[in-house]
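Coordinate-derived values only; no laboratory data. Quick caveat, the model's predicted, so the values are computed rather than measured. Quick reminder, even Gly has a Cβ in these numbers, built from the backbone with ideal geometry, and neighbours come from all protein chains shown.
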Amino acid sequence: MKKLPIRLGLLAVLALVLLLIVRSAYERVDAGHAGIRVNLYGSEKGVDEVTEVTGAVWYNPITTEIYEFPLFVQNAVFTRDLQEGSPDNEEIRVTTNDGLVVSMDVSINYRIANDKAVDIFEKYRKPLDEISRTILRNYLRDAYNRSANFYTAEEIYTKKNEFIHQADSMFQADLSREGFVVEKVVMLNELRLPDKIKTAIDRKIEAQQIAQQKVNELEQAKADALKKIEASRGEAEAMRIQADAERYAFEQKRAALNRLLVQQQIIER
């Protein structure tokens with residue numbers, strides 16, 4: 001009888017161990033995720049298979065690990081604001097073809113392409129968030145620098161939409177080859193130019209605005225002058241018509257008087 005409590009204790013410990021083993025051998029792949037089974041030892045070491053369904057995945061926790069990659073759209077923000085995206089300055093900096101540095105804050109929406117989760121994990125062996133903050137950011141910075149090589153600092157400012165469109169196209173093509181789909185790229189704030197360049201551009205824009213204002217004023221003056229000329233022509237034409245009418249009336253009266261005089265002379269004879 002003394003051994004019974006000991007046996008019950010051993011059974012309880014054994015049951016607890018079995019429960020822990022069972023719990024550790026179970027993984028639930030959430031909806032919208034790819035479950036990646038990784039063999040840690042043996043001839044099949046490496047990625048074995050990917051499960052893209054919800055539900056339970058059973059595996060040997062000693063020889064196998066399960067990783068989950070989200071398949072839905074992810075957002076990554078790269079900014080110098082230490083309160084947004086990362087506690088580090090992650091702004092994107094580019095060098096223009098005139099050797100000046102321009103910086104910007106960029107946000108990207110992306111997702112893993114269909115059936116590419118295993119390839120991405122095999123290549124990088126990192127969680128998706130870490131991949132976005134390192135690998136994807138490097139691709140983004142490279143694409144924007146390649147695009148910046150075609151522009152001066154001033155042109156990047158004045159042709160910003162063209163510069164961004166070219167950089168985004170390069171970035172999307174690069175990530176497509178890596179198994180990612182870029183849904184959207186957004187520049188969050190204005191470009192940050194060197195102070196002297198920004199000042200020069202502002203002065204140039206101001207001068208252009210003043211010049212355009214003077215052109216507009218000149219065009220308005222011309223329009224006003226033409227309006228006055230047309231008004232004067234109208235008045236002159238009205239006066240001419242009135243004079244012609246008065247002359248015609250005078251001629252008619254004189255002709256009538258002449259006829260009366262002729263008739264009077266005939267009578268007097």
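Normalised by the residues of the stretch 146-269, what does the relative contact order come to in percent, with Cα pairs under 8 Å and at least six apart?
Relative contact order of the stretch 146-269: 16 percent.
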Protection proxy (average C-beta count within 10 Å per residue), highest first, orders 225-234, 148-157, 174-183 as 148-157, 174-183, 225-234
quick shape note, the stretch 161-269: Cα extents on principal axes in Å, largest first -> 126, 36, 16
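Taking the Cβ-Cβ separation of VAL181 and ARG146 as r and a Förster radius of 22 Å, what is the calculated FRET efficiency to the nearest 0.05?
The value I calculate is 0.60.
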A chain fully extended from ARG259 to SER232 at 0.36 nm per residue, minus the present Cα-Cα distance, gains in nm 5.7 nm
Of the convex hull drawn through the C-alpha atoms of the stretch 54-204, the volume per residue in Å³ is 129 Å³
Any residue on another chain or 5+ positions along whose placed amide H is under 5 Å from the amide H of GLU91 is listed here as THR79, ARG80
Given backbone amide H placed at 1.01 Å from N, residues whose amide H is under 5 Å from that of TYR151, ignoring those fewer than 5 places away on the same chain, are ASN97
Scalar couplings 3J(HN,Hα) for the stretch 138-145 by Karplus 6.51 cos²θ - 1.76 cosθ + 1.60 (θ = phi - 60°), nearest whole Hz, x for Gly and Pro, are 5, 5, 5, 5, 5, 5, 5, 5
Once amide hydrogens are built 1.01 Å from N within the peptide plane, the residues lying 5 or more places from ALA34 or on another chain with amide H under 5 Å from its amide H are PHE69, LEU71
Links exceeding 25 Å between C-alpha atoms in this model, out of LYS184/LYS204; LYS159/LYS204; LYS160/LYS196; LYS159/LYS198; LYS116/LYS184; LYS160/LYS204, come to LYS184/LYS204
